[in-house]
Amino acid sequence: MGTSKRPEAEVWRPTAGEVAALLDGRLRDASPSDGPFDGIRVLAEAGARQLSFVVGDKELGAARASAAGLLIVPSGELSAAFAGRARLEVDEVWPAVVELIERFHPEPDEQPGRHPTAIVGRGARLGEAVSIGPYAIVGDGAVIGDGTVVGPHCVIDGRSRIGERCRLHAGVVLRGLVEIGHDCLIFPGAVLGADGFRFERVGGATLKIPQVGRIVVEDEVEIGANTTVDRAFLSETRIGRGTKIDNQVQIAHNVSIGPHCFIAAQVGIAGSTRIGAGCLIGGHAGFRDKIEIGPGTRIGGMTGIHKSFPEGGVELWGYPATPLKRFARIQAVLQRLPELERRVRALEKGLAE
Amino acid sequence: MGTSKRPEAEVWRPTAGEVAALLDGRLRDASPSDGPFDGIRVLAEAGARQLSFVVGDKELGAARASAAGLLIVPSGELSAAFAGRARLEVDEVWPAVVELIERFHPEPDEQPGRHPTAIVGRGARLGEAVSIGPYAIVGDGAVIGDGTVVGPHCVIDGRSRIGERCRLHAGVVLRGLVEIGHDCLIFPGAVLGADGFRFERVGGATLKIPQVGRIVVEDEVEIGANTTVDRAFLSETRIGRGTKIDNQVQIAHNVSIGPHCFIAAQVGIAGSTRIGAGCLIGGHAGFRDKIEIGPGTRIGGMTGIHKSFPEGGVELWGYPATPLKRFARIQAVLQRLPELERRVRALEKGLAE
Amino acid sequence: MGTSKRPEAEVWRPTAGEVAALLDGRLRDASPSDGPFDGIRVLAEAGARQLSFVVGDKELGAARASAAGLLIVPSGELSAAFAGRARLEVDEVWPAVVELIERFHPEPDEQPGRHPTAIVGRGARLGEAVSIGPYAIVGDGAVIGDGTVVGPHCVIDGRSRIGERCRLHAGVVLRGLVEIGHDCLIFPGAVLGADGFRFERVGGATLKIPQVGRIVVEDEVEIGANTTVDRAFLSETRIGRGTKIDNQVQIAHNVSIGPHCFIAAQVGIAGSTRIGAGCLIGGHAGFRDKIEIGPGTRIGGMTGIHKSFPEGGVELWGYPATPLKRFARIQAVLQRLPELERRVRALEKGLAE
């Protein structure tokens, strides 16, 4: 990262026609020679020389007010709503936007290879086109798959196995037996493998229970900056395929998270709790230990989950966690609680009379 | 830091007169030859050879009980309350205390310069008297202003611009386009530039939305240890001038924080939320995404802010966030909720009879 | 860590008799020649070639269903409940389990010594058999006791004093005057010594109050990954003997934590708060500043403690923190709050008629 070559002054300034060709889209009320455009911006910030995009109905007002030179729009009704305005119809807007961003903002090139200051232990097996950054440490016997980038100052335990095309940013620590799948992304300061927090009191003294299990991170997982995932007691801590975890999340020992979950920042999940596939978890939510959350559960920010909700598919809010509808009703009455008390007082008075 | 010279045994042992001269204060019921004093302590811990200080009325009792040899007091009524006691009147107590602390506790000297193990990329522009610590990495093309200290193990992206007289402590990571103003202080483990957490589901698959925007940190900002500030989607994440951020705070992509805010530890601010100038935010508070908080808002610890409060100047508490007065009334009734229910039962019985 | 030798292929495959001899236990309904066993697992995951263990009555069902080849059980009634089943009676199960785990899962050997890339300042005093990892930095004058391991990329301020047999994992930062006792364990990314968060407004400007006090960590303390402990204002921040702190905990300046506390992940303790001996604190709990919590207090997850509870021995839950019994009663009525309001409406109607 730090020592990578900066991108050559390759500056992309496409015409409307070139954008259309790239995205396989259809220009409406626009000429292929329109442009050139020098970037893509959100609606409110785009000017005549910039592209912008509309994803849904809710943005109709903002899109009409936008000065963007060319709008990327989904084909169909939403496009029709812009009749007369220069626009490019595509089948799916988000993949088009991603492609444009990547063209306008190429990441700096990195040369694969092992920086001379990287320390790679005996018996470590590095695949093709692996990059090991400055001052990184790879323990004896570690296995790192093709195309994976290990950032500067990372510390990779010799018992780790990392798949292909992963990127570990600066200062990531893997400790103990950590298995990372393919195409994972781990941001700076994440620590996988601190000891699970487990002590027993025996005869008045504190006994530390060793944590010798594995951490398994399946394919296509993203782990945020300064997030911590603890080493398991005897078996494993697991993060399912495609699950995305934001910054400063705490995942305790022996937790199991299903595939395709989204976990926002500062969530904490206590030991041995199991979370099903496809859950959406809002920021700062907390889960007690040894509970089970069914697949497809949605959990509001700052929710405190104190018991199992194994059936799945519900939306939970509050502390203690309550299904949304019920939570909203309770909250509504709570807001008029002082008046409710006053009404009771009036009733008492009325009855006394 | 680690390799800096320790301070010479310069030990400051001032008399009362020397303290008075340094602070431009007036000795009362004390002689210039009193002392020498060997340090400054809080009231409860100061002895006869130590200075202490009184900031306001609330400390009158503690000050009377204190054994401090000399009290720094504000001139006026508070000083008069100590008639007969050795004291030094100053116009403003806190600046005087800061000056004394700095004299009694000089920080170790550091020699500016680039440690031989620091890796500085081609085209990086370092100002005068810049210090780059051991094993730090400064990418190609980075710009670092005069007098700035980059601590050991920092990783500075080549696209970064850091102003003058900043200090980045050990292991700070700047990734992507990060602009830091003058006189900023960033504590160990802070990560500026992890990707904003943004995914879209397209055709049953998860599409990662690239985060290519800037982070802008204005002048005189302080960022705590292990705090994370995310890279913006297309435009910018901004922290206003003079804002102070404690440890383990999470600031998501495209958040904008106004000037002169104070944000306590473990606060989380979700994407695109805007916080006005001069807000005070208690620890562990959480903000949902895309809301607006007006200037001068005070927010209690652990408050969950679920909607905009754009008018500013209010004090918010609880979950969901409620203006203080209302919150206090609701809480008061909540504490007697079991009794309220009992009263309703009694009424029902009474009415039935 | 990264560069350590991997354990020789010493593989322990004990018979029941060897296990009994190691643990000084009594085989029941088992022969000393049973086995060999190749590991220890939790009840649900153990097979015929594995050991498992039963700690209390609650596991009776799981133990009966387990396929484990040999059960470690406490002598007495619980053992009798397994009559006919191969088991090993021991006086205390947990110490036996710890011993077995350590035999089956030996940690990689580490050679003490100073890695050639470690930077150790002039006048640093390292005890016997101290290990300083790659790219670690030990400041001038630091003192490190016998048998202590300083992991890779650690940064140890020259004013630090570390006791014997401690282990600082990768990337730990000690800044300022930090005193660590014996037998402490600090996990990756922990930062001890960021400035306490203290500012005063003087004449419309923000004045930073220097933080020059000490951090004292007593013996046998454990500090989790990415946890932050702040430097004190003038006196000290203290963590008592035997206290265990999980990941991502924030301990502000001048906090004092008594001995033998257990503090779960993501707890935040604000400045100058004092916590007595033997407290148990659940995850995500928050404490305001300058309060006192008595010894033996138990605090539920996500509890917000807004005032002192100096008497100790209570169990607190909720926000604001409420003694458990009262909290449970309030919560129970809260869950039927919509119905309570309806009952009041019915009463009003009844009275009106």
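Observations, loosely collected:
- Checking the cross-link pairs A:Lys325/C:Lys58; B:Lys58/C:Lys244; B:Lys244/C:Lys307 against a 31 Å limit on the alpha carbon distance flags A:Lys325/C:Lys58; B:Lys58/C:Lys244 as lying beyond it.
- Fluctuation leader among A:Ala190, A:Ala252, A:Ala205 - chain A, Gaussian network, Cα springs under 10 angstrom: A:Ala205
- Peptide B:60-66 has a mean shielding of 0, counted as Cβ atoms of other protein chains within 10 Å of each residue's Cβ.
- Legend: mean number of C-beta atoms from other chains within 10 angstrom of residue C-beta atoms, peptide B:90-100, equals 3.
- Neighbourhood charge, 10 Å Cβ-Cβ cut-off, centred on A:Ala265 and excluding it, Lys, Arg +1 and Asp, Glu -1: -2
- Each other copy places its own label point for A:Val11 at 6.3, 6.3 nm from this one, sorted shortest first, where the point lies 7 Å along the Cα-to-beta carbon line.
- Accessible area buried, both sides summed, chains C and A with 1.4 Å probe, Å²: 5400
- Dipole magnitude (debye, nearest 20) for segment A:1-144, charges at Cβ of Lys, Arg, Asp, Glu: 320
- Among C:Pro112, C:Pro14, A:Pro95 the positive-end extreme of the charge dipole of the protein assembly as shown (Cβ point charges): A:Pro95
- Pairs of Cα atoms nearer than 8 Å and 6+ residues apart set the relative contact order; for chain C it is 7 percent.
- Per-residue packing, averaged as other Cβ atoms within 10 Å, sorts the ranges C:119-125, C:257-263 into the order C:257-263, C:119-125, beginning with the highest.
- Label geometry 7 Å along the beta-carbon vector: C:Ser31 inter-copy distances in nm: 9.6, 9.6
- Distances, shortest first, from the label point of B:Lys208 to those at the same position in the other copies read 3.5, 3.5 nm; the point lies 7 Å along Cα to C-beta.
- Percent carbon-and-sulfur accessible area, segment A:260-347, ignoring ligands, DNA and RNA, probe 1.4 Å: 59
- Antiparallel beta bridges, as assigned by DSSP with both residues in the protein assembly as shown, represent about 10 percent of the total such bridges.
- Evaluated with a Cβ-only charge set (Lys, Arg +1; Asp, Glu -1), segment A:147-198 carries a dipole of roughly 60 debye about its Cα centre, given to the nearest 20.
- Between C:Glu200 and C:Ser31, the C-beta separation translates, for a Förster distance of 51 Å, into a calculated FRET efficiency of about 0.10.
- Heavy atoms of C:Thr228: accessible area, 1.4 Å probe, square angstrom to 10: 0
- Charge dipole (debye, nearest 20) of the protein assembly as shown; +1 at Cβ of Lys and Arg, -1 at Cβ of Asp and Glu: 2440
- Segments B:13-22, A:315-324 sorted - mean Cβ within 10 Å per residue, highest first: A:315-324, B:13-22
- Solvent-accessible surface of protein heavy atoms, probed at 1.4 angstrom with all chains present, puts A:Asp38, A:Asp57 in the order A:Asp57, A:Asp38, largest first.
- Förster radius 56 Å - calculated FRET efficiency between A:Val11 and A:Arg329 (Cβ-Cβ, nearest 0.05): 0.50
- Antiparallel bridges, percent of DSSP beta bridges restricted to segment A:206-346 (to nearest 5): 5
- DSSP beta bridge pairing in chain A, given as percent antiparallel to the nearest 5: 10
- Candidates B:Asp157, B:Asp140, B:Asp91, ranked by Gaussian network fluctuation over chain B, Cα under 10 Å, top entry: B:Asp91
- Mean partner shielding of peptide A:298-305, defined as the number of other chain Cβ atoms within 10 Å of each residue Cβ, is 5.
- Think of the protein assembly as shown as having a plus end and a minus end, set by charges on the Cβ of Lys, Arg, Asp and Glu; of A:Leu78, C:Gly268, C:Gly151, A:Leu78 sits farthest toward the positive end of this dipole.
- Among A:Gly145, A:Gly301, A:Gly84, the largest mean-square fluctuation in a Gaussian network model of chain A, built with springs joining Cα atoms closer than 10 Å, belongs to A:Gly84.
The values are calculated or read from the model by the stated rules, or taken from the named source; none is laboratory data. Keep in mind that this is a model prediction, so the values were computed, not measured. Don't worry about glycine lacking a Cβ; one is built from the backbone with ideal geometry, like all the others, and counts go over all protein chains shown. Accessible surface is based on the protein model in full, side chains and every heavy atom, while ligands, DNA and RNA are left aside. Shrake-Rupley method; radii C 1.70, N 1.55, O 1.52, S 1.80 Å.
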